[in-house]
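I have a structure I would like to understand better, so I am pasting it below and will then ask my questions one at a time.
The values are calculated or read from the model by the stated rules, or taken from the named source; none is laboratory data. The structure displayed is predicted, hence computed values, not measured ones. Every residue, glycine as well, gets a Cβ built from its backbone with ideal geometry; the counts of neighbours run over all protein chains shown. With ligands, DNA and RNA removed, areas are computed over all heavy atoms of the protein, side chains included. Shrake-Rupley method; radii C 1.70, N 1.55, O 1.52, S 1.80 Å.
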Amino acid sequence: MKTISTSNAPAAIGPYSQGIIANGFLYASGQIPIIPESGQIEEGDIEVQAHRAIKNVGAILKEAGVDYSKVVKTTCFLANMDDFAAFNAVYEQYFVSKPARSCVAVKTLPKNVLCEVEVIAVVE
């Protein structure tokens, strides 16, 4: 196993890694809309927060030597399912290869953000 860590995505705020490569796959921890440079939440609506969360995922993918096209599965968490369409409009700009996906509404997300995104990607 190989641990993935980059300063271009938020540092882990608990006992976990940003990502782990094992058996040809990257398992990336869920990313919320934290600005890596400041550690502050990206303030704004679901579109603004979705862009930031997905860009944080992209930084972890890049550190692992891949990009969004290598993602095979995403799990997306929304604070409010009413944001589903707006979230999708942002999501489809990044995940153009249409990986398998689960998207669920949850009661509360860390730091009361509007979304969180985690991925599994093929690494070669």
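Looking at region 20-41, which of its residues are in contact (Cβ under 8 Å) with a residue 24 or more places away in the chain and farther than 24 Å from VAL90 by Cα?
The answer is ILE21, GLY24, PHE25.
The rows are residues; the columns are (1) over 18 Å from PHE95 (Cα atoms); (2) of a type in the set (Phe, Trp, Tyr); (3) open to solvent by 40 Å² or more (accessible area, probe 1.4 Å).
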| residue | (1), (2), (3) |
| --- | --- |
| MET1 | yes, no, yes |
| ALA11 | yes, no, yes |
| GLN18 | yes, no, no |
| GLU43 | yes, no, yes |
| ARG52 | no, no, yes |
| GLY58 | no, no, no |
| LEU61 | no, no, no |
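Could you list, in sequence order, all residues of region 74-124 that are among the aliphatic types (A, V, I, L, M), open to solvent by 50 Å² or more (accessible area, probe 1.4 Å) and assigned to a helix (DSSP H, G or I)?
If the condition is that a residue be among the aliphatic types (A, V, I, L, M), open to solvent by 50 Å² or more (accessible area, probe 1.4 Å) and assigned to a helix (DSSP H, G or I), then MET81, ALA85 are the ones that fit.
While we're on this one: Hey, can you tell me all the residues within region 2-29 that are at negative phi, of a type outside the set (Gly, Ala, Ser) and not in a strand (DSSP E or B)?
Residues satisfying the conditions are THR6, ASN8, PRO10, ILE13, PRO15, TYR16, GLN18.
Continuing with this model, one more query. For the subset of region 20-41 comprising residues that are open to solvent by 80 Å² or more (accessible area, probe 1.4 Å) and either within 22 Å of VAL72 (Cβ to Cβ) or basic (Lys, Arg) (or both), which member is nearest to the chain's Cα centre (by Cα)? Before the answer, list the steps.
To start, the set of residues in region 20-41 that are open to solvent by 80 Å² or more (accessible area, probe 1.4 Å) comprises 23, 27, 37, 40.
Cutting the leftovers down to either within 22 Å of VAL72 (Cβ to Cβ) or basic (Lys, Arg) (or both) gives us 23, 27.
Numbers: ASN23: 21, TYR27: 11 Å.
For region 20-41, the residue satisfying everything is TYR27.
OK, next. Looking at region 79-117, which of its residues are aromatic (Phe, Trp, Tyr) and more than 19 Å from ILE60 (Cβ to Cβ)?
So in region 79-117, the residues aromatic (Phe, Trp, Tyr) come out as 84, 87, 91, 94-95.
Matches in region 79-117: PHE84, PHE87.
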